[in-house]
Amino acid sequence: MRIALNAHRLFTLQNPHSLFKPFLIPTLRTIKFNNFRSLRPKTLGFNHRCRAMATSTSPPPPSPPPLVQVKERIDLTDKEKQIFDRLVEVLRHFSLQTQLRVAGGWVRDKLLGKDCYDIDIALDNMLGREFCEKVNEYSSSKGEEAQGIGVIQCNPDQSKHLETARMRLFDIWIDFVNLRSEDYSENSRIPTMRFGTAEEDAYRRDLTINSLFYNINTSSVEDFTGRGIEDLKFGKIVTPLPPKETFLDDPLRVLRAIRFGARFGFTLDEELKKAAADDDVRAAIADKISRERIGHEIDLMISGNQPVKAMTHISDLLLFWVVFSFPPKFELPTSEGFDRLCVTYMDAAMNLMQISGYSTFIDEQRRLSFYAALFIPFRKMVYRDNKAKKIPVVSYFFRSSLKLKSSDADTVISIHKATEKFLSLIPFFASDEEIQTAEVDWGRESLDVPIALKLRVLAGLLLREIKEFWPAALLVSVLLCPDNIDCSIDSSEKHFELDKRRELFTTVKDAITRLGLERVWEMKPLVNGKDIMSVLQLKTGGPLVREWQQELVEWQLAYPSGTAEECLDWMRQTHSKRARME
């Protein structure tokens, strides 16, 4: 048996996809893999390979041609060469026997021919902060200024198992961390960390495409799992070890797998999807991972190039309500299919945005537009907090479920509120009809301007409220407009005639531009508070002054070419007329 194992190990190292696998795996499966930790540390790397192979006893089907162009070697930029040369100089200066390896995403992206500035360096025999101190000591010996060293402590309770040191080198932030292996106690999922080999570390990575190393000492790419480069070429999202174990070790890996799958357009492995939807894994995501880390991953998905695909995976894997957790005691009127409705709105928003022109939306507008579309079904829902105050459910998603910026919550809620006002104006933008007072009810008195000017005034007031996010509010409004463009009623249609909605979006957008309102929130008031107090003969300000300030803004919107003196004349006449009527 030992001879067979050693022979298989030697052959696998030389040719990890050997045809010997099918014949040896039945024998290897007799090993009790659930007790493999007792074999550490000498044979751990071999056991990793055994466990990774033991999921199948049949030969793999013939592989199709590669789908992704992967480079044969990594080409360094001048900056990267400067950094790596300095690190090698440190090794030589102190006669260190340390192997320096760039790990993970940088290696993956460089092989894909993409730029990457996120350099994480793994060390095989010392802690990151110890090596950073050596770098500073060497820099000082050359008369250079020492750099500050930041240390991020490990936090096993949140699946953050490694201490990370960070320093700036030639204007680039570099993370340094030791290679790791993990020992588990019998009744705990939290491992005890120790220095490991590069192979052990590779098998403990989240995905095979992220398990690659670039050895700085030898200037070579290392693929210790034997399939990282292959999965990169064939566009597969696979875990080095059985996926359920990988996800239970760090449940955030589920979201990372989804994010990378969406980002690169890669296929999620079937066993991975099964593990991701497992009840134990879903519970671990909810209980073991901080909301900040969940929110960070979701925000990267929404900000990425394929947010809809990412949210579709979240929904398909039954993770939607794990990620977007509800307020206490809140229950949906109907939960069945609600997550898919959210994703459907987001999908329609992205498609409409693409055919209407991405240039209308800058990055932040696009990101929050997708959140606003995703949460359309929740835009009118509220819950009561401990003080019985009504709070929008959307606010809870941002502030509690995802722990994102409060300003993100405020902006999306503002988009939803502006949507209701846009819905009342869109029919008039889409036709030549003039707005009648009773047809637009915003809970305020009728504006004292001619009917022909009311559309410009109302649209201007709306854009001054929502500011640069008005394209997002218009986008959501157009999605909610029924096909007959009678926007007085809500619509939860799951199918969208995008050509008609693109035409409507463009019509309203062009009308706003034609009216000169595209940046109307930057309009400066013609009349200040002191002038208003002078006309009213008041010594101090107050609600009356604020009311007149609002009315004068409306006058400016109606008469964009008006002067300050004309504005004051109108105020005097109006004030005098109202005084006579009292």
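To the nearest 0.05, what FRET efficiency results for residue 146 and residue 195 with a Förster distance of 30 Å applied to their C-beta separation? It comes out at approximately 0.70. Taking amide H as placed 1.01 Å from N in the peptide plane, residue 169 has its amide H under 5 Å from the amide H of 174, each at least 5 places away in sequence or on another chain. Equivalent-ellipsoid semi-axes for region 515-582 (Cα gyration tensor, √(5λ), whole Å, largest first): 22, 14, 10. Placing dummy labels 7 Å off each Cα toward the beta-carbon, the span from residue 390 to residue 325 is 2.6 nm. Between the amide H of residue 67 and those of 234, 235, distances stay under 5 Å, these residues lying 5 or more places away or on another chain, with hydrogens modeled in the peptide plane. A simple spin-label model places the labels of residue 95 and residue 245 4.1 nm from each other, with each point 7 Å out along Cα-to-Cβ. By the rule of a C-alpha distance below 14 Å, with chain neighbours fewer than 8 residues away ignored, the aspartates and glutamates paired with residue 539 are 531. In a DSSP loop and with at most 10 other Cβ atoms within 10 Å, the GluC sites (Glu not before Pro) in region 313-377 are 331, 336. For the residue pairs 79/405; 421/500; 81/236; 110/244; 421/454; 79/114, the alpha carbons lie more than 22 Å apart in 79/405; 81/236; 110/244. Please enumerate, by chain and number, the lysines with C-alpha under 19 Å from the C-alpha of residue 389, excluding those fewer than 8 residues away in the same chain. Once the sequence-local lysines are set aside, what remains near residue 389 is 329, 380, 417.
For residue 382, the residues 5 or more places off, or on other chains, whose built amide H falls under 5 Å of its own are 393. Here each label is just a point 7 Å from Cα along the line to Cβ, and for residue 420 and residue 137 those points are 6.6 nm apart.
Spherically averaged projected area of the convex hull of Cα atoms, region 63-234: 11.2 nm². 3J(HN,Hα) along region 357-366, derived from phi through the Karplus expression 6.51 cos²θ - 1.76 cosθ + 1.60 where θ = phi - 60°, amounts to x, 4, 5, 5, 10, 7, 4, 5, 5, 5 Hz, with x in place of Gly and Pro. Just to confirm a number: summing +1 for Lys and Arg and -1 for Asp and Glu over residues other than residue 365 whose beta-carbon lies under 12 angstrom from that of residue 365, what do you get? Local charge sum for residue 365: 0. When 260, 370 are sorted by how many other C-beta atoms sit within 10 angstrom of their C-beta, beginning with the fewest, the order is 260, 370.
Going from the fewest other Cβ atoms within 10 Å to the most, the residues 356, 325 appear in the order 325, 356.
None of the figures in this text is laboratory data; all of them are computed from the coordinates on show. The structure presented is a predicted model; accordingly, all values stated were derived computationally and were not measured. Glycine gets a Cβ as well: all are built from the backbone with ideal geometry, and neighbour counts include every protein chain shown.
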